[in-house]
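See structure below.
The values are calculated or read from the model by the stated rules, or taken from the named source; none is laboratory data. What you see is a predicted model; the values in this text were computed from it and never measured. Please note: Cβ atoms are built from the backbone with ideal geometry, for glycine as well, and neighbour counts cover all protein chains shown. Side chains are part of the model used for accessible areas, which takes the heavy atoms of the whole protein and leaves out ligands, DNA and RNA. Shrake-Rupley method; radii C 1.70, N 1.55, O 1.52, S 1.80 Å.
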Amino acid sequence: MSTILRQKIQQLNRGSIPSAPRLVEDSVMLRVCVQALVSVGILATDMAASLGNGLWAIPLSLVGAIWSYRQRHQRNLSAKICIAVGMLLVLFFFLSRLVTQLGDSRVALAELLIQLQVLHTFDMPRRKDLGYSAVIGVILLGVAATISETMAFGGFLLLFLAISLPVLMLDYRSRLGLGAVKQQLILSPRRLLGVLLTVVVLGLTIFALLPRLPGYQLRTFPVSNPIEFQGQFDGQKIINPGYVKGNPSQTGEGGQTFADGAETGQLDSEFYSGFNQTMNQNLRGSLTPKEVMRVRSQAEGFWHVLSFDQYTGQGWTISHNDKVQTLKRPAWSYRFFTPPTAVQRKSKEIVQTYSILADFPNLIPALRQPKEIYFPTREIAIDQEGSLRSPVQLEEGLTYTVISEVPYRDRTLLGQATTDYPDKIRNAYLQIPKKIAQPIRQEAELLLSKASQSPTSAYEKSLFLAQALKQNYTIQPALPPLADDQDLVEAFLFQVEGGYPDHFSTTLTVMLRSLGIPARLTTGFGPGKFNAFTGMYVVKNTDAYALTEVYFPKYGWFAFDPIPGHALIPPSVEQNQTFTVLRQFWNWVAGWLPSPLTGLLSGLFAVIAAALTRLSLLTGWSGLMMGIIVLGGLMFTYWLSRLLWRTWRYQRWLTTLPPMARLYQKMLNQLSERGLPKRSQDTPQEYVQKIRQQFPSMAEIVAEISQAYVGWRYGGQSANLPYLQKQLRVLKKMRSPS
């Protein structure tokens, strides 16, 4: 004994004690696929966040993977120490960046993972190490999915799926020791394509059905890197690139000329003229379609930009532009808080993230009513109308987030609102030129008199007049410019009987004011085109237009859209928006289907939606709990139905078998339910030996039935079926050993 101990001590001193063998992964194909998987994740993140890490991370990780493969049987202690030090340094820089920079934390996390993965590739001897790399690839793809705003991500997703399936298969074969390098893959290209299509269809279905529940639990939103503004921020100044080109003073305050139409009275073909302190509606021309921004929002809406209170006869201006409040944020946060509103109304929190795609004025689009703004400058401004302004012009690549308390639009409550308007509302939003006040009022009353039931409330009057303008006047794209002494609304109603789309909103606003109903003109963007695959609204400059907002005491401002071809009520949250994505996705699919089929499916969906509404599945926490209970009941019903169906099919299949084969299959089914199924490659005798090892008490009966089955199946011998059936019942009553 002392001799053995002395030998062990000597081995320890020489460092020659044999250690446990490491599970080294020798499969070149598995390593190549994992490396490709990670590379796709890096490229997808680069595409989504424009990081540029792929230029160095992919080649360097490839070098590391080759070196790691060649050194897979070595200890590599020095390399491990260097990798550990490198990872600590990377983690230190990551934490420092989180403290000193306010960029998107998802992007910082993605860069950290890429850097750790590059270091990790220099030490991947085991299959488990390859698994870590594959997990990092999945995380990077997930980050890219949350950041991506275009369809380009779909290509990376398909490529990732195409690589991940062979990775899983090769990993499984390697675990079984089947020699993944020399063995061929089991899945044929046809079956592989089928699996890919199944995954894609299932993913799209889940994405479409996924409820967009209101509210984020973590207040970390996508925002661009900080923008440093040099000089004193003047919140009164609005910079519209279209006006700047035609205004040498570059203040954007003149408003009588716009871009290159300074002398001809033509609109700029790129920038909407309504985003300025003064809006000249006597300009003519049209916009050339161009994408302006992408919006990821929990609900669609009218992306508000600017509101005007004073009518000039041929346009609008902001009379109290000097009453602008500057908002400041702390150095450690992007968050601005807006002043609280005095109105009392039920609202819903809607989170929106805006990505600017082209140069834009220093105005910040947002849903009504913004309460928190996550913006990269140190200051922003808010005017009396609730419009947001930036110290700098919004440029391509800028990202910011807004949280709005969007009010519910309850027609009953708004119809019951009083007309006891505060003095500041009367003084600001009932202004109208005296020379047109009387004829405009008479025309408005004439239109109201044509209603089958005369509207009495301000809400019903606004609704009826907006609809009347849609039906009785037309859009006239070839409208000639007005003379200097002509009034736009007067010409619209009594001379040309129509005008540009924005002229309809101006006319409605002035008509309501003539009736003593406070109203203002608001410009912004329609929702844009919803992309069901990216979940974002793509907004173009041609989506910009003006609408009318009406004031209701205690409830605030609500919009009406009198433009022909537009919905009378702009998108709002008077209806539940939980399954907005599903509805948008269906609208896209319906455009490709024949009309009869579309009508049939729409009717079916309407019935289902009505049933869900009656069951109150979509309202409040109680509705959510009821939905969970019903969903659980449906899942249990499906499980039970499937179980009964399989049992019925099994029993039906047994009736088609000869008596001895039926008895043998019943025995196999009993043993399978006890945790010992018979593998297809096992012979009856091999299966008996397995039973004898694990369930000795049952082995005698199993052997007896198996021998009778083999004799009948291969020797044509008759069996004592009554006796064997009795033995099977005894086997069923026997308890399995624990």
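Just a few scattered comments:
- Largest to smallest accessible area among Lys348, Lys128, Lys435, Lys237 [probe 1.4 Å]: Lys435, Lys128, Lys237, Lys348
- Taking amide H as placed 1.01 Å from N in the peptide plane, the amide H of Lys371 sits under 5 Å from that of Ile403, Ser404, Glu405, each at least 5 places away or on another chain.
- Across the accessible surface of region 296-392, with the other protein chains kept in place and a 1.4 Å probe, carbon and sulfur atoms take up 47 percent.
- Region 661-738 - Rg over Rh from alpha carbon coordinates, Kirkwood radius: 0.93
- Averaged per residue, region 274-322 has 27 square angstrom of accessible surface, using a 1.4 angstrom probe with ligands and nucleic acids left out.
- Expressed as a whole percent, the accessible surface of region 396-541 that belongs to carbon and sulfur atoms is 48, based on a 1.4 Å probe.
- Three-way shape label, region 128-174, alpha-carbon gyration tensor, a/c 1.5: oblate
- Packing around the peptides 652-660, 59-67, taken as the average count of other Cβ atoms within 10 Å per residue, puts them in this order, highest first: 59-67, 652-660.
- For region 411-420, 3J(HN,Hα) per residue [Karplus equation, 6.51 cos²θ - 1.76 cosθ + 1.60, θ = phi - 60°, Hz, x = Gly/Pro]: 4, 5, 5, 5, x, 9, 5, 6, 10, 8
- The lysines whose alpha-carbon is closer than 21 Å to the alpha-carbon of Lys733, local same-chain residues fewer than 8 away aside, are Lys666, Lys678, Lys690.
- With every protein chain in place, region 659-718: carbon and sulfur % of accessible area (1.4 Å): 43
- Each of the peptides 357-366, 284-293 was scored by the mean count of other Cβ atoms within 10 Å over its residues; in descending order, highest first, they stand as 357-366, 284-293.
- Bridgeable lysines around Lys461 (alpha carbons under 20 Å apart, same-chain partners fewer than 8 residues away excluded): Lys450, Lys470, Lys554.
- Protection proxy ranking of 385-398, 142-155 - average other beta-carbon atoms within 10 Å, highest first: 385-398, 142-155
- Derived scalar couplings ³J(HN,Hα) [region 360-375; Karplus, 6.51 cos²θ - 1.76 cosθ + 1.60; whole Hz; x for Gly, Pro]: 9, x, 7, 10, 9, x, 6, 6, 6, 9, x, 10, 9, 10, 9, 10
- Residue-by-residue Karplus 3J(HN,Hα) for region 47-58, coefficients 6.51, -1.76, 1.60, Hz, glycine and proline x: 5, 6, 10, 6, 8, x, 6, x, 5, 10, 6, 5
- Taking amide hydrogens as placed 1.01 Å from N in the peptide plane, the amide H of Met279 sits under 5 Å from those of Trp316, Thr317, each at least 5 positions away in sequence or on another chain.
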